[in-house]
Amino acid sequence: MKKLINKTFSGIIEIARGMFTIGKHAFRPAITLEYPEKKQVFNSRIRGRLALTTNKDGELNCIGCMSCTKVCPCGDLIQIETSKGENNKPVINKFTIDIGRCIFCGNCTQVCPKDAIIMTEEYELADYSRESLVFDIDKLKISPEKSDQRLKQRERDN
Amino acid sequence: MVLENTIQKEMIINVGPQHPSTHGVLRLIMTLEGEVIKDTKPVIGYLHRGKEKLAESRTYFQYLPMVDRVDYLSSFFCAAAYCYAVESIAGLKVPKRAEYIRLITMEFNRISSHLLWVASFLLDLGATSPLFYAFREREEIVNLFEQLTGQRMMYNFYTFGGVKQDFPEGWLTKALDLCKKMPKMFDEYEAIITKNPIFIERTKNIGVLTPELGIDYGITGANIRASGVNLDLRKPCSYSVYDEINFNVHLAENGDSYDRYLVRIAEMRESVKIIEHAIKQIPGGTPEKLKMKKVNCNCGNENCGYCGFDSQLTGKKANMVVFKPPAGEAISMVEAPRGIISCYVISDGTTKPYRVKWRTPSFSSVQVLPELIKNRNYSDLMPIFGSLDVVLPEVDR
């Protein structure tokens, strides 16, 4: 009998202690972020959508060395077709990335010798069809100013 | 009477595969007699992704991001196990600074994994507020990982011979601030949970795992430490630099669900201490200081504290496209939050591994479940299964 009373009392005290801790939270600021209206601020290491950088003349930095296709874990996700132009300079005819299958591991950006392929902050990539998620050069290319700023930011942070 | 017949007869029911408290997709075929569980057969394989087979058609570096998905709650540990195995085949030496970075990130990962376990375990028992508290701290840890690696879950941060990047500026200060804050947060959970009479009634003396049974089934990690078996790979230091850090291994005696909870809470507190200690004695100090000193030093001495081998991020840089370790085989063991993860790699001298085999701790934990819940009430299933800390993708791989 005595044991039961003891148990009941200690139980009531412990539950009251727990409820007090929970009650304290009513007076604390909210910890959540109201997402679509407010967005998180990222640093330059964020691994979002892939993009192709351009030089000052607006041409791709890519030289068609195919290193990114060799380290990509998803097989034929990156597809590049090149041909030789004047002065033996490689010309990129086709550069497509299937963003729907990309796992955003960052291997391709790491292996690239010319910083031609980088990752941007963009992460809202939902779309209505799989075909529209296969990005070609026009969709992947970013402007010279933007790529310059992005590369400088990356250099500063690393 | 029809009703009496149904009560006396044995009944076979399915729990899962899409049961909310099976932590993934586990199917349990149960034979019930009334409310008492007579027999259980776990059926696994619903989350099988063929991680071992995938390795055989990919190069070592192509497989590196996939390793994180073996156990998505403790990605750093899986990556570490794979990296240690390949490093010992290829004979790559890891600099001390890289080992310290690995240690700090791994311990943070252990805390975040245990926090998620606390949240889901209490949710299984019907308590919802610990979920929000646990996720509040987990969010801060995950934010730190995001600043360091660029992603919140699949980090792809370790590489053969070290790590990919140094800490960003101010990261260590943020980490120390979090370490100072965290013990108070653990006190909060304990105020709500540890002495709560409902929690004690549901977990004490429930699902007792005796040391003999645990050893027979190959249970590792916090589950076996709760039964009083001192098995922690960090203490004899079979990997990383744990021998330079003072810490204790926490044990409990009874091996019931309550003890498994206590051991995990104690482990989180210990991890905070390990991180604080490691940040204090990391070779090279903070990244800002290291950058400054490196520019001014230029001594070229191997043992220099700022430009020597030990303050580098990777020892010998491996070419990602043509990385080719010599033929051989190696096994590595890492003390993950759920137990010992071991990775066995066979190389035949080409760019692709001949075989990669994973041994994951949750696989053993699922096997011991039928023994623990035999002749118990159905309501004891969740306190027992939840306390074992099973992550199903890790079971199926």
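The values are calculated or read from the model by the stated rules, or taken from the named source; none is laboratory data. Keep in mind the model is a prediction, meaning the values are calculated, not measured. Glycine gets a Cβ as well: all are built from the backbone with ideal geometry, and neighbour counts include every protein chain shown.
This table checks each residue for (1) crowded, with 20+ Cβ neighbours inside 10 Å; (2) within 14 Å of chain A (Cβ to nearest Cβ); (3) among the acidic types (Asp, Glu).
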| residue | (1), (2), (3) |
| --- | --- |
| B:GLY285 | no, no, no |
| B:GLY308 | no, no, no |
| B:SER311 | yes, no, no |
| B:LYS316 | no, no, no |
| B:GLU329 | no, no, yes |
| B:ARG338 | yes, no, no |
| B:LEU381 | yes, no, no |
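For every residue, the table says whether it meets (1) surrounded by fewer than 18 Cβ atoms within 10 Å (Cβ to Cβ); (2) within 9 Å of chain A (Cβ to nearest Cβ); (3) under 24 Å from B:ILE265 (Cα atoms); (4) among the aliphatic types (A, V, I, L, M).
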site: B:ASN109; (1), (2), (3), (4): no, no, yes, no
site: B:SER113; (1), (2), (3), (4): no, no, yes, no
site: B:LEU116; (1), (2), (3), (4): no, no, yes, yes
site: B:PRO130; (1), (2), (3), (4): no, no, yes, no
site: B:GLU146; (1), (2), (3), (4): no, yes, no, no
site: B:GLU169; (1), (2), (3), (4): yes, yes, no, no
site: B:LEU176; (1), (2), (3), (4): yes, no, yes, yes
(message) Is it the case, given these coordinates, that A:CYS72 is at pLDDT 85 or above and either closer than 24 Å to B:GLY150 by Cα or small (Gly, Ala, Ser) (or both)?
(response) yes
(request) Return a yes/no flag: does segment B:45-66 have any residue that is under 17 Å from the mean Cα position of the chain (by Cα), closer than 21 Å to B:LEU392 by Cβ and surrounded by fewer than 21 Cβ atoms within 10 Å (Cβ to Cβ). (result) no
(request) Answer yes or no: is there a residue in segment A:47-68 that is under 24 Å from A:ASP148 (Cα atoms), within 14 Å of chain B (Cβ to nearest Cβ) and of a type in the set (Lys, Arg). (result) yes
(message) Given the criterion in contact with a Gly (Cβ under 8 Å, 6 or more places away or on another chain) and of a type in the set (S, T, N, Q), identify the matching residue among A:THR96, A:THR120.
(response) A:THR120
(request) Kindly indicate which of A:LEU125, A:LEU60, A:LEU52 is touching a strand residue (DSSP E or B) at 6+ places or on another chain (Cβ under 9 Å) and closer than 27 Å to B:ARG152 by Cβ. (result) A:LEU52
(message) Under 6 Å between Cβ atoms, which residue pairs at least 6 apart in sequence (or on different chains) link something in segment B:37-49 that is farther than 22 Å from B:TYR72 by Cα with a partner that is in a strand (DSSP E or B)?
(response) B:ILE37/B:MET30; B:ILE37/B:ARG376; B:LYS38/B:THR31; B:ASP39/B:THR31; B:THR40/B:LEU28; B:THR40/B:MET30; B:LYS41/B:ILE29
(message) Just to be sure I understand the filter: pairs with C-beta atoms under 7 Å, separated by 6 or more residues or on different chains, first member in segment B:53-70 and free of Cβ contacts under 8 Å to residues at least 60 places away in the same chain, second member surrounded by fewer than 21 Cβ atoms within 10 Å (Cβ to Cβ) and not in a loop (DSSP other than H, G, I, E, B). Which pairs pass?
(response) B:MET66/B:LYS51; B:MET66/B:LEU54
(message) I'd like the full set of residues that are among the charged types (D, E, K, R) and farther than 16 Å from A:ARG101 by Cα, limited to segment A:48-69.
(response) A:LYS56, A:ASP57, A:GLU59
(request) For B:SER362, indicate whether it is of a type in the set (S, T, N, Q) and part of a strand (DSSP E or B). (result) no
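State all residues of segment B:210-230 that are free of Cβ contacts under 8 Å to residues at least 60 places away in the same chain and buried (at least 20 other Cβ atoms within 10 Å of the Cβ); if no residue qualifies, say none.
Across segment B:210-230, the qualifying residues are B:ARG225, B:ALA226, B:SER227.
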